[in-house]
Amino acid sequence: MKLVGKYILTADIELVTGLHIGTSKEEVEVGGLDNPVVKDPFGNPYIPGSSLKGKMRMLMEFHEGLVDSSGKVHSCQKKDCKICGLFGRAIEKKEENTQSPPIFNRTRLIVRDAKLDKDSLKDLENLLETRWTEIKYENSINRITSAALPRPQERVPAGARFKAEFVVNIFEGDEGGDKNEDGDKKNPYLDCLLTAMELLEDDYLGGSGTRGYGKIKFKNITIKRRDASYYSGDEKVEEVRVYGDSPKEVRNKLKQS
Ligand SMILES: [Zn+2]
């Protein structure tokens, strides 16, 4: 099993609507908001890589029809399963092991935490209730008394931009066997990542998505490919493959390249 290279995909995540990715209650300071968004130790909101990866995996599982009624995360032993190959397999318990040895879990995708680009909020800075976030009052109505129960919800405002990075490891055999109509190499895992990005744009990130939160757009997408020799000092092999302003555009350019 040999690593032959890596795709490095960078992109801006732009918030089309406000984003609320909550944090666990234990971390809330005394006197703080009861519904804070996740922030780094310096108080800057960010998008955890785990939130992105988890959501994208779920959307891909629905896309491929792999979600059963239990709603459990899909994990299988099929060698050519794109989803398990890209997002990873659950570690099998020994007693569940059947005759065939389990496939070594080689998760190809790494999703970094996406940092807030503070410049994107410069114009809003003086209008925001707290540093980098807004407080939105969500009303729920008591259906018996008709009384409104406003609950403050912290969110990162629309217009904010985050810097995302995805790494797709390329193992021997991942490419080459599978060629497109023009005879070019195709990487099914990179393709799967782009599909997941497209699905996410038409879904939502974080909480309260069905009530309008968490619509995002991927912009300014760059894909580089680094061959294994890059990591032993060969600077030349890093090549900028494609650039695009949406996952769709990037996919179309990859098809043509
Ligand atoms: Zn699978």
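The values are calculated or read from the model by the stated rules, or taken from the named source; none is laboratory data. Because the structure is a prediction, the values reported are computed rather than measured. Here Cβ is always computed from backbone atoms with ideal geometry, including for glycine, and neighbour counts include all displayed protein chains. In case anyone asks, the SASA skips ligands and DNA or RNA and just uses the protein heavy atoms, side chains included. Shrake-Rupley method; radii C 1.70, N 1.55, O 1.52, S 1.80 Å.
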Open item on the list: Please compare each pair in Lys6/Lys39; Lys53/Lys224; Lys39/Lys82 to a cut-off of 25 Å on the Cα-Cα distance and tell me which ones are over it.
Closed with: Lys6/Lys39; Lys39/Lys82
- [ ] Write down the accessible area per residue of the chain in Å², having rolled a 1.4 Å probe over the full set of protein chains.
- [x] 58
Open item on the list: What whole-number volume per residue, in cubic angstrom, does the convex hull of the C-alpha atoms of the chain give?
Closed with: 198
TODO: Mind giving me the FRET efficiency for Leu127 and Asn252? R0 is 30 Å, r the Cβ-Cβ distance, nearest 0.05 is fine.
DONE: 0.20
TODO: Taking the Cα centre of the stretch 189-231 as origin, work out the dipole magnitude from +1 charges on Lys and Arg Cβ and -1 charges on Asp and Glu Cβ, in debye rounded to 20.
DONE: 240
Task: the chain - Cys residues lacking any other Cys C-beta under 4.7 Å - done: Cys76, Cys192
Open item on the list: Can you give me the % of accessible surface on the chain that is carbon or sulfur? Probe 1.4 Å, all protein chains present, nothing else counted.
Closed with: 49
TODO: Provide the packing ranking of 140-148, 128-136, i.e. peptides ordered by the mean count of other C-beta atoms within 10 Å per residue, highest first.
DONE: 128-136, 140-148
Open item on the list: Using the basic label-point model (7 angstrom from Cα toward the beta carbon), what is the Arg151 to Asn105 distance in nanometres?
Closed with: 3.4
